[in-house]
Amino acid sequence: MSIKRVTAHEKDVGGIPVARALPSRGQQRTVGAWCFLDHIGPAEMTGDISDGLQVGLHPHTNLQTFTWMLKGELLHRDSLGHDQVISAGQVNLMTAGTGNKRGICHTEQSVKEGGETLHAIQLWIALPMDEEIEASFYNYPDLPHWTEDNLEVTVTTGTFKGHTAPTMQYSKLLAVHFNALEDTKVSLDMSSEDHKNFEYGLLVVEGSVNFAGETYNADELIVLQDCDTQDEEATLSLKKGTQVMMLGGEPLPHKTLLWWNFVDRDLASIEQSIKDWNNRDPRFGDIDISDTPLRRLEAPAVPEGFKE
Ligand code: MN
C-alpha cells in the first residue's frame, strides 16, 4: 500500500472560504472516480442572505455533484426543474449526463439570514464516459447512521460494514463520515471483495488522526493506493472531536480531464462544452434567475499549456 499526504489549498467559492483537496496540482487528481473535493466552511453567516454562499448559474458535464451537508442549509436549483433545500445529514446528488449532447446547469445559495453556520463537503464524481447516462437529481434524506465504540458513522454512498446507502452510483464508490465522540479507533474494512481495486482518500475535516504512525490534521487528505486487502492492517485513530470523510472507489478505465465545471476525455470536447455554454446551447437547459441576486457565469477559455 502506498500512502501519500495531500494538503488542501484555500479557495473562495461563491464568497465562502473552501479548502480544496482534489484536484491538488502536482499531487493528486483523483481517488477512484472522485475527481473534486471541496471542504466548505465551517463559516459563520452574518448579515443578510447575499453575504452567504451565492454560486451563480453554471453548467456541468460528465460528472455528478455530491453535496454532503454537515451544518446549515443550502438551496439547490437545476435546469431539470428541481428546487431543493438540503439540510444537515443529507446528500444531494446531481448527474450531468454523459457526452457532447448532454449537460445540466444549477445554482447554489444560502437560504437563511445571518447567525447560521455553513459546513459542507462538495465532491464531484467523474462518470464512465463510454456509457449513455441521462441527467438527473436526487436528495437523500435517510442514510445509514450508527454509533459504535464512541464513533458516529454515516454511510453517504456505497457499503460499509454491511450498511448500504441508497445513493445511486455509476462506478463502485464509498464515502463514509466519522465523528469521534471520544478518542477512538476504526478499522477501515478494506478486505471486502467488492472493494478489491479501490483507492482511498481520508480527509481530516476537523481535529487530528493517526494513521500508520503519522499524524494528520484538518484539511489534510491521506491517499491510499495499491491497497493489498489481504494482509495489511488499516486502522485509523481519531482524537475526540475529530471528523473524517473516508472516500473510496475504483479508478475509471479512461482519462478524466477537468477544466472549470467540465469533465471530459479530451481537450476538443471541453472546448466544445465551453462554446456550447457560452452560446446558450439547449443541451444545458436553463433556469430563470431574474428573481435572485445571482449571475450566469461565463465559461473561461482553456489556458495555454493545459495538460491533457
Ligand atoms: Mn456546480
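The values are calculated or read from the model by the stated rules, or taken from the named source; none is laboratory data. What you are looking at is a predicted structure, and each value in this text was computed from that prediction instead of being measured. For neighbour counting, all protein chains shown are included, and Cβ atoms are generated from backbone atoms with ideal geometry for every residue, glycine included. These accessible areas exclude ligands, DNA and RNA; they are computed on the full protein's heavy atoms, side chains included. Shrake-Rupley method; radii C 1.70, N 1.55, O 1.52, S 1.80 Å.
For the stretch 258-278, check the following and say yes or no: at least one residue is under 23 Å from the mean Cα position of the chain (by Cα) and among the acidic types (Asp, Glu).
So far as the stretch 258-278 goes, yes, one or more of its residues are under 23 Å from the mean Cα position of the chain (by Cα) and among the acidic types (Asp, Glu).
Confirm whether Arg29 is within 22 Å of Trp259 (Cβ to Cβ) and open to solvent by 10 Å² or more (accessible area, probe 1.4 Å).
On the way: within 22 Å of Trp259 (Cβ to Cβ): yes; open to solvent by 10 Å² or more (accessible area, probe 1.4 Å): yes.
So Arg29 passes the test.
Please go through the stretch 57-86 and pick out each residue that is modelled with pLDDT under 95 and open to solvent by less than 30 Å² (accessible area, probe 1.4 Å).
If the condition is that a residue be modelled with pLDDT under 95 and open to solvent by less than 30 Å² (accessible area, probe 1.4 Å), then Gly72, Leu74 are the ones that fit.
I'd like the residue in the stretch 32-42 that is open to solvent by 10 Å² or more (accessible area, probe 1.4 Å) and among the hydrophobic types (A, V, I, L, M, F, W, C) and, out of all such residues, is farthest from Leu118 (Cα to Cα).
That would be Phe36.
So is Glu10 more than 14 Å from the ligand (Cβ to nearest atom), assigned to a strand (DSSP E or B), under 16 Å from Glu220 (Cβ atoms) and open to solvent by 50 Å² or more (accessible area, probe 1.4 Å) or not?
Details: more than 14 Å from the ligand (Cβ to nearest atom): yes; assigned to a strand (DSSP E or B): yes; under 16 Å from Glu220 (Cβ atoms): yes; open to solvent by 50 Å² or more (accessible area, probe 1.4 Å): yes.
So Glu10 passes the test.
Within the set of pairs 6 or more residues apart or between chains, which connect a residue that is charged (D, E, K, R) inside the stretch 91-111 to a residue that is away from the ligand (no atom under 15 Å from the Cβ) with Cβ atoms less than 8 Å apart?
Note: pairs meeting the criteria are Lys101/Arg283; Arg102/Ile133; Arg102/Glu134; Arg102/Arg283.
If Glu132 passes every condition in (1) within 16 Å of the ligand (Cβ to nearest atom); (2) open to solvent by 50 Å² or more (accessible area, probe 1.4 Å); (3) not hydrophobic (A, V, I, L, M, F, W, C) but one, which one does it miss?
Tallying (1) within 16 Å of the ligand (Cβ to nearest atom); (2) open to solvent by 50 Å² or more (accessible area, probe 1.4 Å); (3) not hydrophobic (A, V, I, L, M, F, W, C), Glu132 fails exactly one: (1).
Which numbered condition trips up Ser273, out of (1) surrounded by fewer than 22 Cβ atoms within 10 Å (Cβ to Cβ); (2) closer than 19 Å to Ala301 by Cβ?
Ser273 satisfies all of (1) surrounded by fewer than 22 Cβ atoms within 10 Å (Cβ to Cβ); (2) closer than 19 Å to Ala301 by Cβ except (1).
Of the residues in the stretch 233-289, how many are over 30 Å from Ser192 (Cβ atoms) and among the charged types (D, E, K, R)?
Within the stretch 233-289, residues that are over 30 Å from Ser192 (Cβ atoms) and among the charged types (D, E, K, R) number 10.
List pairs: first residue in the stretch 53-67 and under 16 Å from Trp124 (Cα atoms) and of a type in the set (Phe, Trp, Tyr), second residue more than 9 Å from the ligand (Cβ to nearest atom) and open to solvent by less than 10 Å² (accessible area, probe 1.4 Å) anywhere in the structure, Cβ distance under 7 angstrom, at least six positions apart or on different chains.
Hits for this filter: Phe66/Val91; Phe66/Leu93; Phe66/Leu123; Phe66/Ile125.
When you look at Lys185, is it open to solvent by 10 Å² or more (accessible area, probe 1.4 Å), in contact with a helix residue (DSSP H, G or I) (Cβ under 9 Å, 6 or more places away or on another chain) and farther than 25 Å from Lys71 by Cβ, yes or no? I'd like the intermediate steps shown before the answer.
Details: open to solvent by 10 Å² or more (accessible area, probe 1.4 Å): yes; in contact with a helix residue (DSSP H, G or I) (Cβ under 9 Å, 6 or more places away or on another chain): no; farther than 25 Å from Lys71 by Cβ: yes.
So Lys185 does not fit the description; no.
Specify which of the listed residues (Leu202, Leu258) is part of a strand (DSSP E or B), open to solvent by 20 Å² or more (accessible area, probe 1.4 Å) and hydrophobic (A, V, I, L, M, F, W, C).
Residue meeting the stated conditions: Leu258.
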